[in-house]
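Report on one structure; see the data block that follows.
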Amino acid sequence: MVKIKDVTKLYGDTAVVDHVSMTIPKGKITSFIGPNGAGKSTLLSIVSRLIAKDEGEVLIDGEEVSATNNKALAKKLSILKQANDINVRLTVRQLVSFGRFPYSQGRLTDIDEKMIDSAIHYMELETMENKFLDQLSGGQKQRAYIAMVIAQDTEYILLDEPLNNLDMKHSVQIMKVLRRLADELGKTIVIVLHDVNFASVYSDYIVALRDGKVIKKGPTDEIIRNGVLKEVYDMDIKIQDIDQCRICLYFS
Amino acid sequence: MTVKFKVLIPVLIILSILSIFIGVVPLSFTDIFQLTSQQQQIILVSRIPRLISIILAGVGLSVSGLIMQQLSRNKFVSPTTAGTMDSARLGILVAMMFFHQATPLERMLVAFLFSISGTLIFMKILDKVKFKDPIFIPLVGLMFGNIVGSITTFIAYQNDLIQNMSSWLQGNFALILEGRYELLYISVPLVIVSYIFAHRFTIAGMGEDFAKNLGLNYNLVVNTGLIIVALITSVVILTAGTIPFLGLIIPNIVSMYRGDHLKNSLPFTALLGAVFLLASDIIGRVIIFPYEVAIGVIVGVVGSFIFLYLVMRRSAYES
Ligand SMILES: Nc1ncnc2c1ncn2[C@@H]1O[C@H](COP(=O)(O)OP(=O)(O)OP(=O)(O)O)[C@@H](O)[C@H]1O
Ligand SMILES: [Mg+2]
């Protein structure tokens, strides 16, 4: 379980994350939604110890994340950031193999190889596993990064806008993989999404952020409501039930 | 890919043999079984030390360049383009001025302290500049190196040490004799450590956040890399002098063919560095025989052309 207690992050005088508290339940998919600059990425980076917070606590299974041993944490929690400007010439397979680094420190065992294979398979990257990353399209690269995180096989998986650059088919595919990771393997997944419909259809819980504050959090059907979305996005969004999914019509 | 190893190793062996037989004192292949004592002397005191030092310097400098490019995440950063070499030379000057009786090892330590400080200053500058154009960064490094170099020249001039400094300015293996190159052996364990750290350097090259996510102690890895680079650069400058561009062009060429996973590219970079330096040395020795063109000049000329080519290839690729 991830407990976020009264976390604040200041840049200058502005609190970009402002006394945020929440509990992220185990084995579920929790989505962060909110407009640009709401503080979603900052919060995710704080939870994954990539940036330091100014106030508050982040407890992962009861342990403060910034005080946890870095090596041990890498087997427990993984993070994929929003922008990954890696200009290192690695093949897809080499990149995915680095997901096993916390376990093998570079000397891959048979188990590691199997995990790498299955991560590549999950992301349908078999045909390009020996291509260099700089020969891939933006979306293919994004899938390779996600495959690396899957190979890392951590209990907690944090993804910042993983659907960036992806076409519809692969967006759906990734959300389905995440669903399976949560339902079958009990992974706890926190994901930042811009498309509220993906959040609506695939997540168990949603946290709506704006100006560094939590506007509302709760089970998906309590958040995907006209009133809540209006408060978050300043938009009047019509919501319809289609095939038991709540779909937001936000194009007009 | 394995084909390349099969080619490079025989080439290295052939060049090594050539290197032993080329020189002012004639020595032919048929003499090998009936060497005069003078010939034996030449081989043991001059030719073999020269060969070993070229190989060690070639390996050391290209591996240093590879590590720097990986850690700075910039393909154009190298001991030449980050002030590392210039700082090491300033260190040597300081050692000459203040510690007259310094042993080679002590000189090396002073040179090392200066080169590591210079490199760290450059890395700090790199952190601070917002404009991270891949070509702008090495230009900053070259400017920084030139400033350090000017300070060195100024101090040397004031103290009448210009003559002494010039031997460290231009790489030259002609002066290498038994007893004057052994410091270079320090680079052997350093290259081995680099290979052991290959995975870590590769991960560090993907950035601090990536490294942290994989549980890597980023600062430790970066500092280890920079210490290795500064040590190797110092011993090479102290024994053979400045050899520009090697650490820049060799890793770039290898990266094109073998990618940037150091586990794959490091052995190759090391080997190609040795072959390239050895070939340059042989060219320098035969081109105006019986005189020699200093290797620093040959590598500088060939290297700057390859450097220009790499820069243009990159701009073409980006546009
Ligand atoms: N390093 C920084 N220095 C100063 N301000 C920053 C820094 N990083 C982020 N901010 C500010 O913090 C606020 C929150 O940024 P954050 O990246 O968390 O937003 P976000 O919700 O992820 O937005 P987006 O949907 O655009 O990704 C923004 O207003 C941004 O300008
Ligand atoms: Mg963001």
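The values are calculated or read from the model by the stated rules, or taken from the named source; none is laboratory data. Values in this document were obtained by computation on a predicted structure and should not be read as measured data. Cβ: placed from backbone, ideal geometry, glycine included. Neighbour counts: every protein chain shown.
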Filter result (surrounded by 23 or more Cβ atoms within 10 Å (Cβ to Cβ) and within 12 Å of another protein chain (Cβ to nearest Cβ)) within region A:39-64:
A:Leu44, A:Ser48
Of the conditions (1) closer than 28 Å to A:Gln94 by Cβ; (2) of a type outside the set (A, V, I, L, M, F, W, C); (3) away from chain A (no Cβ under 14 Å), B:Gln163 satisfies every one except a single condition; which number is it?
(1)
Among the residues of region A:6-23, are any hydroxyl-bearing (Ser, Thr, Tyr), under 15 Å from A:Tyr156 (Cβ atoms), within 16 Å of ligand 1 (Cβ to nearest atom) and in contact (Cβ under 8 Å) with a residue 12 or more places away in the chain?
no
Only one of these is crowded, with 16+ Cβ neighbours inside 10 Å, at pLDDT 90 or above, within 26 Å of A:Lys238 (Cβ to Cβ) and within 13 Å of the chain's Cα centre (by Cα): A:Leu178, A:Leu163. Name it.
A:Leu163
A:Ala83 vs. criteria farther than 21 Å from A:Val207 by Cβ, within 13 Å of ligand 2 (Cβ to nearest atom) and either exposed (fewer than 14 other Cβ atoms within 10 Å of the Cβ) or assigned by TED's automatic domain parsing to the domain that holds A:Tyr233 (or both)
yes
Sole miss for A:Asn36 among (1) within 14 Å of chain B (Cβ to nearest Cβ); (2) free of Cβ contacts under 8 Å to residues at least 12 places away in the same chain is condition (1)
Check B:Ser53, B:Ser46 and return the single one that is at pLDDT 80 or above and in contact with a helix residue (DSSP H, G or I) (Cβ under 7 Å, 6 or more places away or on another chain).
B:Ser53
Where a residue in region A:141-169 is at positive phi and its partner, wherever it lies, is in a helix (DSSP H, G or I) and at pLDDT below 95, with Cβ under 7 Å and at least six apart:
A:Asp153/A:Met115; A:Asn165/A:Gly138; A:Asn165/A:Gly139; A:Asn165/A:Gln142
Where A:Ser78 falls short, out of the listed (1) within 14 Å of chain B (Cβ to nearest Cβ); (2) in contact with a strand residue (DSSP E or B) (Cβ under 6 Å, 6 or more places away or on another chain); (3) surrounded by fewer than 17 Cβ atoms within 10 Å (Cβ to Cβ)
(3)
Can you find a residue that is away from ligand 1 (no atom under 16 Å from the Cβ), out of contact with any strand residue (DSSP E or B) (no Cβ under 7 Å at 6 or more places or on another chain) and aliphatic (A, V, I, L, M) anywhere in region A:47-67?
yes
